[in-house]
1. So which residues in the range 7-66 are modelled with pLDDT of 85 or more and part of a loop (DSSP other than H, G, I, E, B), if there are any at all?
2. Out of the residues in the range 75-112 that are in contact with a helix residue (DSSP H, G or I) (Cβ under 8 Å, 6 or more places away or on another chain) and either free of Cβ contacts under 8 Å to residues at least 40 places away in the same chain or part of a helix (DSSP H, G or I) (or both), state the one that is farthest from residue 29 (Cα to Cα).
3. Within the range 1-10, how many residues turn out to be loosely packed, with under 15 Cβ neighbours inside 10 Å and under 14 Å from residue 91 (Cα atoms)?
4. Taking the condition more than 19 Å from residue 83 (Cα to Cα), within 14 Å of the ligand (Cβ to nearest atom) and at pLDDT 80 or above, does residue 141 pass?
5. Are any residues in the range 168-187 surrounded by 15 or more Cβ atoms within 10 Å (Cβ to Cβ) and either near the ligand (Cβ under 8 Å from one of its atoms) or modelled with pLDDT of 80 or more (or both), and if so, which ones?
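The values are calculated or read from the model by the stated rules, or taken from the named source; none is laboratory data. Keep in mind the model is a prediction, meaning the values are calculated, not measured. When we count neighbours, we look across all protein chains shown, and the Cβ atoms used for this are built from the backbone with ideal geometry, even at glycine.
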Ligand SMILES: [Zn+2]
């Protein structure tokens with residue numbers, strides 16, 4: 001059975017004006033500090049890290065306000081213990097206020113909890129949670145975090161993960177595609 005949807009709404013200036021009870025619970029389970037109450041009244045962009053992620057999110061908001069169609073986007077939001085496969089519905093009926101609903105579709109435990117010795121931040125795709133591996137001799141690719149930890153030799157001591165957030169090319173294309181075809185896609189349901 002699906003857990004209740006985690007919901008929040010933005011006003012026309014991108015300020016968070018409403019969160020539901022499930023949101024408070026999700027925040028309590030996942031946040032490392034602060035309080036969920038401080039979320040309200042702030043711009044959503046205060047909570048989005050990485051210039052590429054902000055740019056894409058801004059594009060998404062613009063698109064959903066213009067089209068007034070529901071966008072449905074899969075994404076990942078992993079914790080240190082679990083892979084979490086989620087889906088996001090974004091609605092905007094009046095061309096101003098934007099409503100988000102997210103559901104966890106599936107969770108899988110990592111084979112071992114994530115921890116590593118590196119102090120260097122890893123570049124993570126904010127959408128699919130894959131990690132960027134750059135080769136010294138050139139070339140970059142995005143890989144599952146468990147594989148990256150092994151490949152980069154990061155198992156050893158416990159440290160809190162540090163990430164720099166970005167968006168991988170696959171997710172960027174997927175989001176742009178979904179935003180472009182949403183009305184046709186919905187018409188087929
Ligand atoms: Zn991605």
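1. Scanning the range 7-66 gives 11, 12, 13, 14, 20, 40, 41, 42, 48, 50.
2. Only one residue fits best here, namely 95.
3. 0
4. yes
5. 168, 171, 172, 174, 175, 178, 179
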